[in-house]
Amino acid sequence: MFDGAPPLRSGPLRLAIISTYDEMCGIAGYTRALEQQLRLHADVTVFDLDQYLLRSSHAPVQRLADRHIKEIAGRLHEFDSVNIQLEYGTLGRTPWQIMRRLRRLVAAAPALSVTFHTILGHDLLDWQAIGRSLMRGRIFRAFEIVCAFRRNKGLAARTYGLLRKRQHSHPVNAIVHTKRDARLLHDVYAIRNVVHHPLSFVAAEQAERIRELATPDLFPVLNTLPKGAKLIGSFGFLSPYKSFETAVRALHYLPEDHHLLIFGGIHPQSIKREQALDPYIQALFNEGHIGQSIFDTIGENATINLDAASKELLARHPEDLHRRIHFMGVHNDENFMRAMALCDVVVLPYLEVGQSSSGPIAVALEMGCRVLASRTLAFMQFARYHPGQIDFFDIGNYAELADLIRAGSPAPNGARHLSYNTETNTALYLKANQPRVSRWSTARMEAVA
């Protein structure tokens, strides 16, 4: 274990942050927020991980990606400490690429902190999922589950081993988003210095300014809604694990004045060539009976009697929610915050997929919104830092969600006080990145003096 004391130095902390930055992804959004939090206290330089290079499958571009990492590593000696915002996939497509590049960055850092956005290696092999796949004849799917398990376990073992070795000679700190993950890294994987803090994006003063300036004019669709409409906001890239269909199902059981606003779009890495409509968007259409007729529900061979007044059923399903579901598109960080400020309630109906954090729930809470969240492990761990601030419903329980929305209380807005916030997050990062020198080096410097 590295055991040190503060070095003899002056001036602000010189901190390098290695992360995606100009991408439309959660890690990049957090890095942009973190940079603003730290700028008043440190000299911060962000090295943007070029995802075109690092995620390419072409050998010539992969060589350029390795050169990109080498150039970043070549500058790290200029800084007192280096923070890596680690989401494994941002460093490469294969475990070998990821580890080769991570080793180069770690070796070049004079002092190091690693923010883990995903904790790998602790899950057991899902034998039930393998069994279900085999019973359905999906042999390739069963093979994929085993390969993903071995890949994640191997990545975790090599990453934790790299940090364990490095901590004997240099300052190394791990930063995680839950106390559970902190205990796991410390107790199971023997990372000595581990600190934890929930994601934090928006200072209270900034949230107040955003709320004051947020008006429906920012989003033209809102001006087309009936006066007094109740706005339910869901946020995040459109992906099956977000389970926005749970909110759509709940909408069927809510009064006509309730409207669902879905802020987000298909993730850039999920866009496929010549795909006319993303399957998940189609799934949301199906839940809301958008673009359907009554025959899409009862089947084409069913016999029904229609009078002249009922002929509209041939063109439009009677439960078509297209007038109450609004796809609001992808926006920048501040517009997402403004959108949250305009919503009566923010609903996050995500599935459990093993994630350890979520940006939208942190932003919604800091913006003073009323937040309804599915009872995932990540959301429940997040709520430990903010007790009593989130209303939970069971995953997929749209009936419970509808009842919670109808029984809603006003959003607290500026009245909410969070014990864990941008100030405590800043303090944690400054402490985790204070460079130190060993006792042996300190004693030697004193002897020379």
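Evaluate the charge dipole of the chain about its Cα centre and quote only its size in Debye, nearest 20, assuming +1 on the Cβ of each Lys and Arg and -1 on the Cβ of each Asp and Glu.
Rounded to the nearest 20 debye, it is 2200 debye.
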Tell me which residues come under 5 Å, amide H to amide H, from VAL46 once H is placed; ignore anything under 5 positions away on its chain.
ILE17
Testing the spin-label approximation: label points 7 Å from Cα along Cα→Cβ at VAL330 and LEU218. State their distance in nm.
1.9
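Could you please report the charge total around SER19, scoring K, R as +1 and D, E as -1 over all other residues with beta-carbon less than 14 angstrom from its beta-carbon?
Summing Lys and Arg as +1 and Asp and Glu as -1 gives -4.
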Using the Cα centre of region 42-98 as the reference point, and only Cβ charges (+1 on K/R, -1 on D/E), how large is the resulting charge dipole? Debye, rounded to the nearest 20.
380
Determine the shape class of region 58-191: with a ≥ b ≥ c the square roots of the Cα gyration tensor eigenvalues, call it rounded for a/c under 1.5, and otherwise prolate if a/b is greater than b/c, oblate otherwise.
oblate
Name the residue from HIS267, VAL61, GLY368 whose Cα lies farthest towards the positive end of the charge dipole of the chain, charges +1 on Cβ of Lys and Arg and -1 on Cβ of Asp and Glu.
VAL61
Counting Lys +1, Arg +1, Asp -1, Glu -1, what net charge surrounds ALA156 among other residues with beta carbon under 13 Å of its beta carbon?
+3
Which of LEU162, LEU251, VAL46 sits closest to the plus end of the dipole of the chain, meaning its Cα is farthest towards the positive end, when Lys and Arg get +1 and Asp and Glu get -1 on the C-beta?
LEU162
Could you work out how far helix 333-342 tilts from the main Cα principal axis of the chain, as a 0 to 90 degree angle to the nearest 10?
40
To the nearest 10 degrees, how steeply does helix 422-432 sit against the main Cα axis of the chain, on a 0 to 90 scale?
30
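Among the DSSP beta bridges whose two residues both lie in the chain, what percent are antiparallel, rounded to the nearest 5?
Details: 3 of 45 bridges.
The answer is about 5 percent antiparallel.
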Once the mean of 1/r over all distinct C-alpha pairs in the chain is inverted, the Kirkwood radius in Å reads 24.4
If you take every DSSP beta bridge fully contained in region 204-419, what fraction is antiparallel? Give it as a percent rounded to 5.
5
Could you name the aspartates and glutamates in cross-link range of LYS431, using Cα to Cα under 17 Å and dropping any fewer than eight places away on the same chain?
ASP3, GLU35, ASP43, ASP80, GLU423
Per-residue Cβ neighbour rank within 10 angstrom, fewest leading, SER200, SER57:
SER57, SER200
Please order THR224, THR376 by the number of other Cβ within 10 Å, starting at the fewest.
THR224, THR376
With an 8 Å cut-off on Cα pairs and a minimum separation of 6 or more residues, tell me the relative contact order of region 206-269 in percent.
38
Go through region 202-212 residue by residue and turn each phi into a ³J(HN,Hα) via Karplus (6.51, -1.76, 1.60, θ = phi - 60°); whole Hz please, and just put x for glycine and proline.
10, 6, 4, 5, 5, 4, 5, 5, 5, 4, 5
Between beta-carbons, use under 14 Å as the cut-off and find the net charge around ILE266, counting Lys and Arg +1, Asp and Glu -1.
+2
When SER239, SER169, SER374 are ordered from fewest to most other Cβ atoms inside 10 Å of their Cβ, what list results?
SER169, SER239, SER374
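Of all trypsin sites (Lys or Arg not before Pro) in region 95-151, which ones are in loop regions per DSSP and have a Cβ with at most 12 other Cβ atoms within 10 Å?
Answer in residue order: ARG136.
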Just to confirm the number: angle between the C-alpha axis of helix 26-38 and the first principal axis of the chain, 0 to 90 degrees, nearest 10?
50
Do you know the relative contact order of the chain, to the nearest whole percent, from alpha carbon pairs under 8 angstrom that are 6+ apart?
18
Going Cα to Cα from LYS230, which aspartates and glutamates come in below 14 Å? Please leave out same-chain ones fewer than 8 positions away.
GLU256, ASP257, ASP344
Prolate/oblate/rounded label for region 204-419 (Cα gyration tensor, a/c 1.5)
prolate
Given Cα pairs under 8 Å that are at least 6 residues apart, what percent is the relative contact order of region 204-419?
26
Calculated [θ] (222 nm, deg cm²/dmol) that DSSP helices of n ≥ 4 give over the chain, each run adding -39,500 (n - 2.57):
-11500 deg cm²/dmol
Förster radius 56 Å - calculated FRET efficiency between ARG75 and ARG375 (Cβ-Cβ, nearest 0.05)
0.80
Karplus-derived HN-Hα couplings along region 355-360 (A = 6.51, B = -1.76, C = 1.60, θ = phi - 60°), whole Hz, x at Gly and Pro
5, 9, 7, 8, x, x
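Since every read-out is calculated from the coordinates, none of them should be taken as a lab result. Keep in mind that what you see is a predicted model, and the values were worked out from it rather than measured. Quick reminder, even Gly has a Cβ in these numbers, built from the backbone with ideal geometry, and neighbours come from all protein chains shown.
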